[in-house]
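The values are calculated or read from the model by the stated rules, or taken from the named source; none is laboratory data. What you see is a predicted model, and the numbers here were worked out from it, not measured in a lab. Counting neighbours? That spans all protein chains shown, and the Cβs are built from the backbone with ideal geometry, glycine included. Remember, those area values only see protein heavy atoms, side chains included, never the ligands or the DNA or RNA. Shrake-Rupley method; radii C 1.70, N 1.55, O 1.52, S 1.80 Å.
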Amino acid sequence: MRRTLLIAALAASLAAGCAAVPGRITWPSGDSAPSQAASPAPSPPATASAPATSPPLTPSTPAPSPTRPPLTAPEAARAMRAWVSAYNATLRKPRWWRQNTRLDALFIEGALHEGVLERNHEESGQKPGHKPIALTGAPVIYLPRPDKQPPNGDWFVARATYKDTKGRARPHVLAFFRSPGQAFRLAVATPIHWGRRMPKPLLDADGYVTDMDDDMAAAVAEEYRNFWNHEKKEGASGYRLAKDSFSRKAFPAVYKGLYVRFAGHGSIFGFRTADGGSFFLFALINSSQSVNQVLSEALLVPKGGRTIEELGANWFS
């Protein structure tokens with residue numbers, strides 16, 4: 001299938017954009033990080049992606065520059081609505097998935113895979129799978145303190161209700177990031193599983209979410225990568241997938257002859273929950289160069305627990 005242009009754009013976005021977001025792509029030994037030079041599309045300035053053996057997921061963050069005003073929750077909500085408007089307008093353009101500039105204006109990291117889906121639909125004679133987003137009610141914003149934002153930009157997580165691909169109203173959770181001077185773009189998103197709900201965050205005195213545990217975030221993301229990559233269902237992180245998770249149910253149905261291993265994961269967004277647990281949102285990506293599988297995960301680790309509860313998941317392939 002003809003995915004060359006999008007794959008190049010995604011590779012550069014992974015290399016250039018990930019270190020700017022709270023977490024960073026971590027590639028295992030032997031899988032080289034993507035090259036920025038491969039992309040014809042513009043990417044936000046950032047440092048190079050770190051290898052798998054690099055220290056903490058989230059670098060220490062200085063206070064925002066005076067020229068970079070702090071992001072507020074109302075501004076984040078308006079930014080999400082502006083993104084939805086831009087997304088819906090893009091969907092009205094003919095073969096929008098064939099222009100990297102349109103994809104790059106809306107998506108970063110694993111979310112760039114949205115264009116691959118439509119190219120696959122086109123090549124197989126199917127109708128486009130994306131539908132306009134019509135938000136139901138106001139989005140709920142999860143925003144870190146300004147002094148906890150990474151030095152190269154701002155991020156926030158949003159919970160919003162809109163129709164899924166089957167036309168059913170459903171809560172979704174999305175993470176957005178912007179580089180200084182640029183608009184917010186979608187990094188990862190997934191619908192919430194039926195019967196599950198987003199946890200209440202632990203808020204500080206000013207209403208900001210509390211920092212996630214970086215070591216736990218890295219271990220949880222690696223556990224999911226280990227699970228999907230090996231016939232031995234879990235790795236050595238000490239965390240375990242809940243028995244009723246989507247991943248456990250889906251694993252036996254995956255035909256391994258066509259399955260591609262996940263090479264790493266995108267930026268990890270998250271926060272501590274009001275009851276002492278931890279929430280994480282990230283995407284697993286099968287390759288740094290030829291992306292054709294992305295698994296988005298919204299996860300909860302209860303306080304003091306080692307079991308990973310899956311709140312939402314979305315597999316693109």
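Quick look at the numbers
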{"item": "Residues located in the range 266-302, provided they are among the small types (Gly, Ala, Ser) and open to solvent by 10 Å² or more (accessible area, probe 1.4 Å)", "result": "274, 276, 287, 290"}
{"item": "The lone exception for residue 116 - which of (1) more than 17 Å from residue 78 (Cα to Cα); (2) of a type in the set (A, V, I, L, M, F, W, C); (3) modelled with pLDDT of 95 or more it fails", "result": "(3)"}
{"item": "Lone qualifier among 205, 236 - being part of a loop (DSSP other than H, G, I, E, B) and either at pLDDT 90 or above or under 20 Å from the mean Cα position of the chain (by Cα) (or both)", "result": "205"}
{"item": "Subset tally (residues that are out of contact with any Pro (no Cβ under 8 Å at 6 or more places or on another chain) and either surrounded by 19 or more Cβ atoms within 10 Å (Cβ to Cβ) or in a strand (DSSP E or B) (or both)) for the range 174-198", "result": "12"}
{"item": "Residues satisfying the stated conditions in the range 148-169, i.e. surrounded by fewer than 18 Cβ atoms within 10 Å (Cβ to Cβ), out of contact with any Ser or Thr (no Cβ under 7 Å at 6 or more places or on another chain) and not in a loop (DSSP other than H, G, I, E, B)", "result": "159, 163"}
{"item": "Residues within the range 73-94 that are of a type in the set (Ser, Thr, Tyr) and without any contact (Cβ under 8 Å) to a residue 24 or more places away in the chain, tallied", "result": "2"}
{"item": "Number of positions in the range 264-282 that are assigned to a strand (DSSP E or B) and at pLDDT 95 or above", "result": "10"}
{"item": "Flag for residue 309 being charged (D, E, K, R), touching a His at 6+ places or on another chain (Cβ under 9 Å), open to solvent by 10 Å² or more (accessible area, probe 1.4 Å) and modelled with pLDDT of 90 or more", "result": "no"}
{"item": "Where residue 96 falls short, out of the listed (1) under 24 Å from residue 298 (Cβ atoms); (2) modelled with pLDDT of 90 or more", "result": "(1)"}
